[in-house]
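Here the structure is laid out as C-alpha cells; the discussion comes afterwards.
FYI, it's all coordinate maths here, none of it is from the lab. The structure displayed is predicted, hence computed values, not measured ones. No Cβ is skipped: glycine too gets one built from the backbone with ideal geometry, and neighbour counts run over all protein chains shown.
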Amino acid sequence: MSAAQMLVVASAAIISILGSAHLLYTYVGNKLRPRSPQLLEAMRVEHPGISRQTTMWRAWVGFNASHSLGALLFGAVYGYLAVAQPNLLFGSWVLAGIGLVMLGALLALAVAYWFHIPRNGIALALICYLAGICLGRS
C-alpha cells in the first residue's frame, strides 16, 4: 500500500472512530444527554415546530444517530476507495473533492459548534486526507 493510500485510510479510520464513539454515546450512557434533569424532561415532552409526531428528545437522538452514520459512511467509502480502488479515488477530481468538502464542512461545524476532541480529530483526518490526495495525484 502506498503512502497516499495509507494517509487516506488513516483519515477514514479517524472519522470512523469518531462516528462509532458518537453512535455509542447516542444510545449508551449520559454523554449526549443534558446535565439538567428538567431540560431532559422538557425535551421528552416538547415537540419541534415542524411536527407534533416527534419530540425534541426523539429528534435529538435521531439527529445524533444519523450524524454518526454519515461519519461511518464516509469512513467506509473512502477507506474502501483508498484500498480497493485507488486509481478511481486519486484519478477523480470529483471523488477527491467530495471527500475534501465533507471533511472541511465537518471541521467548520466542529470549530463553530462542538468541542476539542471532534475538532482535533477532524482536523487530523483532514490533514491526512489532503496529504494523501496530494501524494496520490502526483
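Say the dipole of the chain comes from +1 at the beta carbon of Lys and Arg and -1 at that of Asp and Glu; which of Met56, Ile15, Pro37 then lies farthest toward its positive end?
Of the options given, the answer is Pro37.
Segment 1-90: which trypsin sites (Lys or Arg not before Pro) are DSSP loop and have at most 16 other beta-carbon atoms within 10 angstrom?
Those that pass, being in a loop and sparsely packed, are Lys31, Arg35, Arg52.
If R0 is 25 Å, what FRET efficiency do you get for Tyr80 and Ser138 from their C-beta distance, rounded to 0.05?
0.65
Using a simple charge model, +1 on the beta-carbon of Lys and Arg, -1 on the beta-carbon of Asp and Glu, nothing else, what dipole does segment 3-137 show about its Cα centre, in debye to the nearest 20?
Magnitude of the dipole: close to 220 debye.
Determine, from the Cβ-Cβ distance of Met56 and Val111 and an R0 of 30 Å, the FRET efficiency 1/(1 + (r/R0)^6), rounded to the nearest 0.05.
0.75
How much net charge surrounds Pro34 when only the other residues with a Cβ under 12 Å from the Cβ of Pro34 are counted, with Lys and Arg +1 and Asp and Glu -1?
Taking every other residue near Pro34 into account, the sum is +3.
Mind giving me the FRET efficiency for Asn30 and Leu88? R0 is 41 Å, r the Cβ-Cβ distance, nearest 0.05 is fine.
0.45
With the contact rule set at Cα under 8 Å and sequence spacing of 6 or more, what percent relative contact order holds for segment 3-137?
43 percent
Nearest 10 degrees is fine. How inclined is helix 116-137 to the longest principal axis of the chain, computing both from alpha carbons?
The helix 116-137 is inclined about 20 degrees to the chain.
For segment 3-137, just the Cα atoms, rotate onto the principal axes and tell me the three extents in Å, largest first.
53, 28, 24
How far is helix 56-84 tilted off the main Cα axis of the chain, in degrees rounded to 10, range 0 to 90?
Taking Cα atoms only, the helix is inclined about 10 degrees.
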